[in-house]
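S.K.: Before anything else, here's the structure in question.
The values are calculated or read from the model by the stated rules, or taken from the named source; none is laboratory data. Everything quoted here is computed from the prediction, not taken from an experiment. Counting neighbours? That spans all protein chains shown, and the Cβs are built from the backbone with ideal geometry, glycine included. Accessible surface areas use protein heavy atoms only, side chains included; no ligands, DNA or RNA. Shrake-Rupley method; radii C 1.70, N 1.55, O 1.52, S 1.80 Å.
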Amino acid sequence: MFLDLAFIRFVITMTEIAFLSEDEIKFQIKARDFVQKTLAPVAEDIEQGKVEAWDIIRKFGKAGYLGSRYPLEYGGIGKGLMYEVLVTEEICAVHAGFDMARVASCILFAHPVYEFGTEAQKKKYLAPVAKGEKIGALGITEPNVGSDVAGTETRAEKRGSKYVINGEKRFITNGPVADYLLCYTVTDPTVKAKQGMTAFIVETKAKGFEVVEEYELLGMHGAHVGRLALNDVEVSEEQILGDLNGGFRVVMAGLDAERTILAAEMNGVARAAMEEAVHYSNHRVQFRRKIREFEGISFKIADMATRLEAARLLTYKAARLIDAGKSATKDAAIAKLYACEKSIETATDALQVLGGIGYTKQRPVERFLRDARLMTIGGGTAEILRYLIQREVFKEYDL
Ligand SMILES: Cc1cc2nc3c(=O)[nH]c(=O)nc-3n(C[C@H](O)[C@H](O)[C@H](O)COP(=O)(O)OP(=O)(O)OC[C@H]3O[C@@H](n4cnc5c(N)ncnc54)[C@H](O)[C@@H]3O)c2cc1C
């Protein structure tokens with residue numbers, strides 16, 4: 001059973017009044033309304049695999065909710081990453097697996113194309129993805145390459161005027177259904193991978209592209225995550241994103257926006273978990289008292305609210321920095337680390353507040369916990385983010 005509309009308080013919190021512009025608040029209210037009308041009624045069916053998430057994501061594309069950051073000529077609405085943060089939280093408060101599929105296309109694939117693409121690439125690949133007409137995926141991870149992106153093994157060799165790609169990618173969100181794969185490869189194996197990597201936009205209809213398997217996941221149902229093989233897949237020079245051998249820069253630049261949006265996703269999940277706990281604890285009576293009157297319960301609610309407010313502000317800060325064209329490496333990493341770890345705590349606490357019913361599929365809290373659990377792994381593990389954050393701190397002190 002999913003969150004009943006009546007359970008969700010359609011209020012603009014003080015955080016939003018303090019930190020968002022009037023236009024942003026209006027956008028957020030419209031997005032919330034669209035999500036409630038378009039996604040909420042089918043969320044349970046998406047969770048159970050009865051409705052294909054992409055059939056609904058296309059509607060989000062038509063309504064302009066896949067391209068908040070991208071200019072109109074590339075299929076977007078020309079607003080900024082902050083707007084993407086707002087719509088992401090709204091969607092994830094209803095169904096995070098749906099959003100994982102959406103974000104893999106409109107951020108993980110599309111954002112690097114927006115940042116590094118030529119005019120022709122943006123028209124050809126970004127615009128249809130931002131409108132929801134085509135599906136994108138990001139291909140970094142490989143069987144032997146996870147956190148250590150510089151260890152990429154997939155090779156692209158020049159043969160005549162073409163490049164030929166061979167390798168395997170795994171855990172690729174949208175991989176089984178994508179039209180385009182942003183595929184990181186090694187083009188110069190004689191130097192360190194950081195100097196010899198190139199990003200290619202691969203069209204998945206190309207000969208030699210194969211979906212090897214689709215994974216069954218603990219959570220994030222509705223998203224298709226697969227293992228892909230590229231066997232002699234031919235690509236042209238026009239499909240290189242950024243510079244030849246400049247792929248490492250492309251991958252790193254994309255991660256700040258990705259991490260900010262993943263933080264927003266988990267704020268949505270934490271918000272939904274908190275709302276369930278607030279509502280339930282206000283109704284459930286034990287020992288002739290509403291359970292919210294017991295400090296053991298009410299202080300959990302206080303902790304949930306504190307964590308959510310803090311995580312949201314960190315996320316807003318990272319988005320504002322990116323929209324201002326500033327470096328957000330540390331801030332995006334902090335936002336993602338904090339929001340993701342705290343969403344797991346909040347979902348765990350919410351389940352505790354609901355007691356036995358929280359452990360059943362009659363309430364959505366068990367789903368919030370399963371969905372949140374991914375996010376200290378995907379998009380940079382908690383350990384790698386801590387490594388990045390401390391590195392940036394020492395840099396700030398010239399150490
Ligand atoms: C559902 C799902 C969807 C995904 N979607 C995508 C996608 O769309 N595109 C894509 O490219 N990838 C995707 N991924 C891959 C994801 O980004 C990786 O799983 C993640 O980067 C970690 O890589 P790994 O799983 O190989 O773990 P590993 O890198 O093997 O790490 C295993 C453990 O060792 C720790 N570890 C590794 N190195 C260090 C270190 N130096 N210091 C301390 N600890 C360390 C890690 O933190 C982790 O706890 C997805 C993964 C999942 C599960």
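S.K.: Given the residues Arg386, Arg367, Arg363, Arg307, which is the only one that is open to solvent by 70 Å² or more (accessible area, probe 1.4 Å) and either at pLDDT 95 or above or outside any strand (DSSP E or B) (or both)? Step through it out loud before you land on a result.
M.R.: Values: Arg367 fails: open to solvent by 70 Å² or more (accessible area, probe 1.4 Å); Arg363 fails: open to solvent by 70 Å² or more (accessible area, probe 1.4 Å); Arg307 fails: open to solvent by 70 Å² or more (accessible area, probe 1.4 Å).
Step by step, each of Arg386, Arg367, Arg363, Arg307 is checked, and only Arg386 is open to solvent by 70 Å² or more (accessible area, probe 1.4 Å) and either at pLDDT 95 or above or outside any strand (DSSP E or B) (or both).
S.K.: Tell me, which strands (runs of 3 or more DSSP E) lie completely within segment 153-254 with 3 or more residues that are of a type in the set (Val, Ile, Thr)?
M.R.: Details: elements: 155-159, 162-173, 180-186, 197-203, 209-214, 225-236.
Ranges flagged: 162-173, 197-203, 225-236.
S.K.: Filter segment 131-149 down to the residues that are surrounded by 15 or more Cβ atoms within 10 Å (Cβ to Cβ) and within 13 Å of the ligand (Cβ to nearest atom) and list them by number. Explain how you work it out, then say what you get.
M.R.: Looking only at segment 131-149, we keep the residues that are surrounded by 15 or more Cβ atoms within 10 Å (Cβ to Cβ), and these are 131-132, 134-142, 145-146, 149.
If the condition is that a residue be surrounded by 15 or more Cβ atoms within 10 Å (Cβ to Cβ) and within 13 Å of the ligand (Cβ to nearest atom), then Ile135, Gly136, Ala137, Leu138, Gly139, Ile140, Thr141, Glu142, Val145, Gly146, Val149 are the ones that fit.
S.K.: Follow-up question, since we're still on this one. Just one of (1) more than 15 Å from Arg155 (Cβ to Cβ); (2) open to solvent by 60 Å² or more (accessible area, probe 1.4 Å) trips up Ser236, so point out which.
M.R.: (2)
S.K.: Hey, among Tyr184, Tyr163, Tyr215, which residue is near the ligand (Cβ under 10 Å from one of its atoms), surrounded by fewer than 24 Cβ atoms within 10 Å (Cβ to Cβ) and hydroxyl-bearing (Ser, Thr, Tyr)?
M.R.: On the way: Tyr184 fails: surrounded by fewer than 24 Cβ atoms within 10 Å (Cβ to Cβ); Tyr163 fails: near the ligand (Cβ under 10 Å from one of its atoms).
Of Tyr184, Tyr163, Tyr215, the one residue that is near the ligand (Cβ under 10 Å from one of its atoms), surrounded by fewer than 24 Cβ atoms within 10 Å (Cβ to Cβ) and hydroxyl-bearing (Ser, Thr, Tyr) is Tyr215.
S.K.: Continuing with this model, one more query. Please indicate, with yes or no, whether at least one residue in segment 232-241 is more than 16 Å from the ligand (Cβ to nearest atom), outside the structural domain of Ile377 (by TED's automatic domain parsing) and under 25 Å from Ser327 (Cβ atoms). Steps first, answer last, please.
M.R.: Of all residues in segment 232-241, those more than 16 Å from the ligand (Cβ to nearest atom) come to 232-240.
Add one more test, that the residue is outside the structural domain of Ile377 (by TED's automatic domain parsing), and what stays is 232-240.
Next, only the ones that are under 25 Å from Ser327 (Cβ atoms) stay: 240.
Yes, segment 232-241 contains a residue that is more than 16 Å from the ligand (Cβ to nearest atom), outside the structural domain of Ile377 (by TED's automatic domain parsing) and under 25 Å from Ser327 (Cβ atoms).
S.K.: If I filter segment 389-399 down to residues being within 15 Å of the ligand (Cβ to nearest atom) and out of contact with any Leu (no Cβ under 8 Å at 6 or more places or on another chain), which single residue comes out as least open to solvent (accessible area, probe 1.4 Å)?
M.R.: Residues of segment 389-399 within 15 Å of the ligand (Cβ to nearest atom): 389-391.
Cutting the leftovers down to out of contact with any Leu (no Cβ under 8 Å at 6 or more places or on another chain) gives us 390-391.
Details: Gln390: 70, Arg391: 88 Å².
Out of the qualifying residues, it is Gln390.
S.K.: Let me ask something else about it. Say we look at segment 90-120 and pick out the residues that are more than 16 Å from the ligand (Cβ to nearest atom) and outside any helix (DSSP H, G or I); which of these is surrounded by the most Cβ atoms within 10 Å (Cβ to Cβ)?
M.R.: Taking segment 90-120 first, the residues more than 16 Å from the ligand (Cβ to nearest atom) are 90-91, 93-94, 114-120.
Filter once more, keeping what is outside any helix (DSSP H, G or I): 93-94, 117-118.
Numbers: Ala93: 27, Val94: 25, Gly117: 20, Thr118: 13.
Checked segment 90-120; the qualifying residue surrounded by the most Cβ atoms within 10 Å (Cβ to Cβ) is Ala93.
S.K.: Check Thr381, Thr315, Thr348 and return the single one that is hydroxyl-bearing (Ser, Thr, Tyr) and more than 17 Å from Glu258 (Cα to Cα). Working first, answer last.
M.R.: Values: Thr381 fails: more than 17 Å from Glu258 (Cα to Cα); Thr315 fails: more than 17 Å from Glu258 (Cα to Cα).
Unique residue meeting the criteria: Thr348.
S.K.: Return yes when Glu345 is more than 16 Å from the ligand (Cβ to nearest atom), part of a helix (DSSP H, G or I) and open to solvent by 20 Å² or more (accessible area, probe 1.4 Å) and no when it is not. Break it down into steps so the answer makes sense when it comes.
M.R.: On the way: more than 16 Å from the ligand (Cβ to nearest atom): yes; part of a helix (DSSP H, G or I): yes; open to solvent by 20 Å² or more (accessible area, probe 1.4 Å): yes.
Yes: the conditions hold for Glu345.
S.K.: Same structure, new question: Considering only residues that are within 14 Å of Asp323 (Cα to Cα) and aliphatic (A, V, I, L, M), which ones fall in segment 78-104? So that I can check it myself, show each step before the final result.
M.R.: To start, the set of residues in segment 78-104 that are within 14 Å of Asp323 (Cα to Cα) comprises 78-86.
Passing the criteria: Leu81, Met82, Val85, Leu86.
S.K.: While we're on this one: Restricted to segment 239-265, and to residues that are more than 16 Å from the chain's Cα centre (by Cα) and open to solvent by less than 10 Å² (accessible area, probe 1.4 Å), which residue is farthest from Cys340 (Cα to Cα)? Talk me through it step by step, then tell me what you get.
M.R.: Here is the first cut: in segment 239-265, the residues more than 16 Å from the chain's Cα centre (by Cα) are 239-250.
From the residues that got through so far, the ones that are open to solvent by less than 10 Å² (accessible area, probe 1.4 Å) too are 241, 247, 250.
Working: Leu241: 30, Gly247: 27, Val250: 24 Å.
Among those residues, the one meeting the criterion is Leu241.
S.K.: Within the set of pairs 6+ apart or on separate chains, which have a first residue in segment 126-155 that is under 21 Å from Ile56 (Cβ atoms), a second that is open to solvent by 60 Å² or more (accessible area, probe 1.4 Å) and within 12 Å of the ligand (Cβ to nearest atom), and C-beta atoms under 8 Å apart?
M.R.: From residues that are under 21 Å from Ile56 (Cβ atoms), there are no pairs.
S.K.: Now, a different point. With respect to the numbered conditions (1) open to solvent by 50 Å² or more (accessible area, probe 1.4 Å); (2) touching a Gly at 6+ places or on another chain (Cβ under 6 Å), which one is the sole condition not fulfilled by Gly226?
M.R.: Of (1) open to solvent by 50 Å² or more (accessible area, probe 1.4 Å); (2) touching a Gly at 6+ places or on another chain (Cβ under 6 Å), only one is false for Gly226: (1).
S.K.: Then there's this: For segment 359-374, check the following and say yes or no: at least one residue is farther than 26 Å from Val85 by Cβ and within 23 Å of the chain's Cα centre (by Cα).
M.R.: Residues of segment 359-374 that are farther than 26 Å from Val85 by Cβ, as a first pass: 359-363, 366.
So of that shortlist, the ones also within 23 Å of the chain's Cα centre (by Cα) come out as 366.
Looking for residues that are farther than 26 Å from Val85 by Cβ and within 23 Å of the chain's Cα centre (by Cα), one finds at least one in segment 359-374, hence yes.
S.K.: Mind listing whichever residues of segment 173-206 are within 24 Å of the chain's Cα centre (by Cα) and either of a type in the set (Val, Ile, Thr) or modelled with pLDDT under 95 (or both)?
M.R.: Thr173, Val177, Thr185, Thr198, Ile201, Val202, Thr204
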